[in-house]
Amino acid sequence: MPRRTRFAVPRPVFGKPRGAITYPDDSVQVESSVQFTIEFFRVRSTDDLHATLARISVIADDLAAAQVTAKSLFETLDMPQRPDGFRILVQEEREMFAWIRGGDDA
């Protein structure tokens, strides 16, 4: 007779795409998403100083998805001034990506 634990928890099956953990009975599925902070800024031409216009937290599957969201918000978000670029940050303000209008397309 198999030994029973106090709480019956199904064992996870690993190897699904995008970090998903699917349990054998498909009752529970956990997706691994990351919280990114998108920071929109203006650049002062005299000394290249960045002034932050808005900071928005988003949850995305990966950096590419966060870039698509940031580019969309760059064009549509109502801000006090029109931004010159944006940065994408993760945990403790670590910069993962930066883009300035007129440079390479995001």
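The values are calculated or read from the model by the stated rules, or taken from the named source; none is laboratory data. This structure is a prediction, so every number in the text was calculated from the model and none was measured. Cβ: placed from backbone, ideal geometry, glycine included. Neighbour counts: every protein chain shown.
Within the range 47-62, track down each residue that is in contact with a Leu (Cβ under 7 Å, 6 or more places away or on another chain) and without any contact (Cβ under 8 Å) to a residue 24 or more places away in the chain.
Residues of the range 47-62 that are in contact with a Leu (Cβ under 7 Å, 6 or more places away or on another chain), as a first pass: 54, 56.
The answer is 56, and nothing else.
Yes/no per residue for (1) touching a strand residue (DSSP E or B) at 6+ places or on another chain (Cβ under 9 Å); (2) without any contact (Cβ under 8 Å) to a residue 40 or more places away in the chain:
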| residue | (1), (2) |
| --- | --- |
| 35 | yes, no |
| 45 | no, yes |
| 64 | no, yes |
| 77 | yes, yes |
| 93 | yes, no |
| 97 | yes, yes |
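Within the range 15-39, if we keep just the residues that are exposed (fewer than 14 other Cβ atoms within 10 Å of the Cβ) and touching a helix residue (DSSP H, G or I) at 6+ places or on another chain (Cβ under 7 Å), the residue that is modelled with the highest pLDDT turns out to be 32.
Which of the residues spanning the range 97-106 are part of a loop (DSSP other than H, G, I, E, B) and either modelled with pLDDT of 95 or more or within 17 Å of the chain's Cα centre (by Cα) (or both)? Hit for the range 97-106 is 106, nothing else.
Scanning the range 64-96 for residues being surrounded by fewer than 14 Cβ atoms within 10 Å (Cβ to Cβ) and under 13 Å from the mean Cα position of the chain (by Cα) gives a total of 6. Checking each residue in the range 40-64 for being touching a helix residue (DSSP H, G or I) at 6+ places or on another chain (Cβ under 7 Å) and outside any strand (DSSP E or B) picks out only 61.
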